[in-house]
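The values are calculated or read from the model by the stated rules, or taken from the named source; none is laboratory data. Worth saying up front: this structure is predicted, and the values here are computed from it rather than measured. Neighbour counts are summed over all protein chains in view; Cβ atoms, including those assigned to glycine, are modelled from backbone coordinates with ideal geometry. Accessible surface is based on the protein model in full, side chains and every heavy atom, while ligands, DNA and RNA are left aside. Shrake-Rupley method; radii C 1.70, N 1.55, O 1.52, S 1.80 Å.
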Amino acid sequence: MYNSRFLRNQSCLECRCIFFQSKHQFFAFAIRARSSDGSTSGNFIPRSPQESHRDSYTKMSQRSTTCTITISGPVSVESSRLGQHELSNVTASNKIITSYIRSGDMDSALRVFENMKVRNTVTWNSILAGYVKNLGNMKDAHQLFARIPEPDVFSYNTMLACYCHSLDIHDARAFFDNMPVKDTTSWNTMISGYAQIGKMDEARELFSVMPEKNTVSWSALVSGYVACGDLDSAMEIFDAAPAKSVNACTAMITGYMKFRRVGLAEKLFKDMSLKNLVTWNAMIAGYIENDKTEEGMKLFRTMLDSGVKPNASSLSSVLLGCSNLSALQLGKQVHQLVCKSPLNGDIRTGNSLISMYSKCGDLNDAMKLFIRIPQKNTVTWNAIISGYAQHGSGEKALHLFEEMKNEGLKPNWITFLAILLACNHSGLVDLGVRYFDSMVKDFGIEAKLDHYASLVDLLGRAGRLYEAVNLIKNMPIKPHPAIFGTLLGACRMHKNLELAEFAAKNLLELDPTNAAGYVQLANVYAAQNKWSHVARIRESMKANNIVKTPGYSWIEVDNVVHEFRSSDRLHPELASIHGKLKELEKKMKLVGYVPDLEFALHDVPAEQKEQLLLWHSEKLAIAFGLIKVPLEAPIRVFKNLRVCGDCHSATKYISAIEKREIIVRDTRRFHHFKNGVCSCGDYW
């Protein structure tokens with residue numbers, strides 16, 4: 001029972017206070033204060049990394065705790081009324097403080113607090129909980145805690161959470177060890193503090209000596225092991241748990257998906273009798289991350305049909321799925337769903353929409369959305385800069401970068417990755433090198449492997465292959481396979497067999513199962529008619545069970561995605577597609593098109609090579625688009641590999657002959673074909 005120093009009566013009055021979840025992604029806590037019967041209970045809720053702050057916070061804000069204030073001793077009726085009036089004022093003020101903290105307005109909450117003549121323990125705890133919610137106020141939290149007249153277990157647990165959130169784990173443990181009273185929540189908070197920074201041995205040790213565990217204790221440990229990538233230990237704890245909570249199951253689904261064990265995730269999800277939004281989000285995101293985008297989209301529809309409302313995390317995953325499928329119409333439907341939901345003004349959702357429109361080839365709508373967002377953050381700017389970079393509008397991307405800096409926003413490593421991409425696609429080699437140097441020297445951003453890979457690509461594409469090799473040899477960090485893969489692609493482009501063999505050798509030493517390494521080197525040999533070398537590589541692939549990723553292209557028509565492989569035999573409208581291509585071939589040759597047989601990578605007669613080139617997947621998709629897509633709409637085609645040189649040349653002719661805008665996205669960039677010209681300027 002809570003005691004008040006300022007009111008004494010033998011009757012008990014109750015006041016209620018809502019406590020809050022921290023913004024931290026890894027864990028949150030909720031504590032039930034001592035109730036009128038003298039008992040205590042605690043409940044610590046670990047959150048999976050995929051759960052959105054908004055979703056978790058909504059759940060926490062629905063939890064309340066009841067504290068009892070005792071008024072004892074002989075008092076007059078007048079003083080009793082005065083005491084009740086003061087208590088009423090305290091309760092009202094506490095509610096106002098709660099409201100301010102919930103909305104993130106800590107300054108206003110503090111003003112109300114400082115102006116209160118009378119405070120109870122709930123008042124102090126509310127402000128302390130506010131410091132947990134608003135990270136970075138450890139000093140203020142410590143000073144406030146020292147002023148609490150009679151701190152209770154909630155006070156101590158909240159202060160412990162402050163230490164854990166500030167990542168000062170040693171002080172947190174010292175505070176924990178010296179707490180005069182602990183409940184299960186105290187232990188759970190300390191365990192999650194260790195788990196949050198990857199100290200799972202310490203978390204496990206503390207877990208083993210807990211006097212009493214609850215489902216939250218087990219969930220905290222499972223979530224910790226999943227977060228640090230130790231799936232085996234997570235499975236061990238999960239299997240040993242006497243009860244499988246929703247949070248623990250959700251954490252395991254996240255872990256299974258992270259390690260590409262999709263079947264186990266599906267089974268666990270199916271067996272769960274109770275699921276929350278975070279569970280659905282974990283499955284949807286897991287599908288999309290494991291290249292099972294269609295399954296993720298279907299599950300999202302099932303979630304909606306089940307009456308579960310999506311949050312920003314749900315929509316972010318679904319919009320990424322739309323981007324992966326290049327399903328613009330589906331993305332627009334999701335956008336309509338957003339407009340009808342409370343997430344319409346959510347900046348995270350807005351950022352995801354910008355990325356979706358950019359990656360689906362609709363840069364105009366991406367820019368319209370960008371303009372409408374009133375308070376743009378770094379992610380917003382990164383999304384639009386990356387969009388223009390991918391579409392080959394390097395100068396526009398660089399102009400936006402300058403605008404971003406003028407707005408006072410600090411670029412991060414992702415911003416510079418977009419800037420390097422913009423320079424790459426625009427042939428601004430020296431400027432790209434200067435930006436790379438500026439990133440390190442002027443902004444203090446450490447170059448990551450992705451930055452080095454982009455710089456190698458920038459130099460290699462421009463033909464400065466030996467500079468690229470020197471960069472790789474002098475990197476302060478060990479190159480990953482993608483860097484040598486990038487160099488190998490540049491060597492193929494510039495027909496440098498010596499460096500191609502160097503790049504392939506290093507690539508396959510780092511990743512012997514990398515099919516691209518074999519294929520790219522074989523293509524270099526094929527381009528120089530070294531067919532015996534090509535045969536040797538193909539035999540090596542067969543002996544080592546290396547399977548080439550098949551090239552395919554797809555196009556969305558009337559909300560249906562049509563996929564084509566080279567020399568496709570499955571599409572139901574192949575006859576009309578082949579007829580359209582034969583017609584186009586005649587018209588193209590009349591105006592100067594000559595098939596580039598270098599890109600027919602088979603040792604067959606020239607006539608057969610021409611036929612193989614004509615039936616490349618992107619040409620099949622374009623022909624289908626010409627037949628099906630209305631004249632006023634652009635044709636949008638997507639390919640999982642780099643568009644070949646012959647298809648690039650042919651598409652320029654087709655755009656002029658058919659008077660159509662054709663947009664092709666490959667793994668590197670967007671190509672906008674119109675009136676016989678490509679936006680890339682034949683530099684890609």
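Quick look at the values:
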item	result
Rg/Rh for the stretch 226-366, where both radii come from Cα atoms and Rh is the Kirkwood radius	1.01
Qualifying GluC sites (Glu not before Pro) in the stretch 328-411, DSSP loop, other Cβ atoms within 10 Å at most 11	Glu407
Whole-Å semi-axes of the chain's equivalent ellipsoid (Cα gyration tensor)	59, 26, 24
Surface accessible to a 1.4 Å probe, per residue, for the residues of the stretch 304-423, Å²	42 Å²
Rounded to 5, percent antiparallel among DSSP beta bridges of the chain	85 percent
Phi to ³J(HN,Hα) by Karplus 6.51 cos²θ - 1.76 cosθ + 1.60 over the stretch 355-372, Hz, x for Gly, Pro	4, 4, 4, 4, 6, 8, x, 10, 6, 4, 5, 4, 5, 4, 5, 4, 5, 6
Label-point separation in nm, Glu150 to Ile197, each point 7 Å along Cα→Cβ	3.5 nm
Sorted peptide list for 266-278, 493-505, criterion being average Cβ within 10 angstrom, highest first	493-505, 266-278
Portion, in percent, of the accessible area of the chain that falls on carbon or sulfur, probe 1.4 Å	50 percent
Pairs beyond 27 Å (Cα-Cα), from Lys505/Lys652; Lys542/Lys609; Lys359/Lys405; Lys95/Lys340	Lys505/Lys652; Lys95/Lys340
Solvent-accessible area per residue, Å², over the stretch 530-666 with all protein chains present [probe radius 1.4 Å]	51 Å²
Degrees between helix 277-289 axis and first principal axis of the chain (Cα, 0 to 90, nearest 10)	20 degrees
Rounded to the nearest 20 debye, dipole of the chain from Cβ charges on Lys, Arg, Asp, Glu	860 debye
Which of Met200, Thr189, Phe113, positive extreme of dipole for the stretch 99-247 (C-beta unit charges)	Phe113
Net lengthening on full extension, Thr549/Arg565 (0.36 nm per residue, minus Cα-Cα)	4.6 nm
Projected-area average for the stretch 549-651 over all orientations - Cα convex hull basis, square nanometres	7.0 nm²
Segment Glu498-Asp271, length gained on full extension (0.36 nm per residue, minus Cα span)	76.1 nm
Expected 222 nm ellipticity per residue - DSSP helices of 4 or more, -39500 (n - 2.57), all of the chain, to 500	-19000 deg cm²/dmol
Under-5 Å amide H pairs with Tyr552, H placed in peptide plane, nonlocal only	Asn640, Leu641
Ala633 paired with Arg536, simple spin-label distance in nm, labels 7 Å along Cα-to-beta-carbon	5.1 nm
Summed side-chain charge close to Arg668 - residues other than Arg668 whose Cβ falls under 14 Å, Lys, Arg +1, Asp, Glu -1	+3
Options Val90, Phe443, Trp381, ranked by Cα towards positive dipole end of the chain, top entry (Cβ charges)	Val90
Separation between Cα centres of the stretch 142-195 and the stretch 440-462, rounded to whole Å	43 Å
Hz values of 3J(HN,Hα) by residue in the stretch 490-498 - Karplus curve (6.51, -1.76, 1.60), Gly and Pro given as x	5, 5, 5, 4, 9, 6, 9, 5, 4
Two-site label geometry, Lys309 and Lys473: point separation in nm, points 7 Å out along Cα→Cβ	6.2 nm
Cα gyration tensor, the stretch 166-229 - rounded (a/c under 1.5), prolate or oblate	oblate
Alpha-carbon centroid distance for the pair the stretch 238-309 / the stretch 547-591, whole angstrom	37 Å
Net dipole in debye of the stretch 213-263 [+1 Lys, Arg Cβ; -1 Asp, Glu Cβ; about Cα centre; nearest 20]	160 debye
By average C-beta atoms within 10 angstrom, highest first, the peptides 218-227, 159-168, 603-612, 110-119	218-227, 159-168, 110-119, 603-612
Whole-Hz ³J(HN,Hα) from phi, Karplus 6.51 cos²θ - 1.76 cosθ + 1.60, for the stretch 670-680, glycine and proline x	9, 10, 9, 9, 7, 6, x, 10, 10, 4, 6
Ranked by how many other beta carbons lie within 10 Å on average, peptides 325-336, 662-673, 230-241 from highest	662-673, 325-336, 230-241
Extended-chain gain in nm, criterion 0.36 nm per residue less alpha-carbon gap, Asn412 and His578	54.9 nm
Shape parameters for the stretch 432-490, alpha-carbon atoms, Rg then Dmax in Å	10.9, 32
Nonlocal amide H pairs with Val637, under 5 Å, H built at 1.01 Å	Ile663, Val664, Arg665
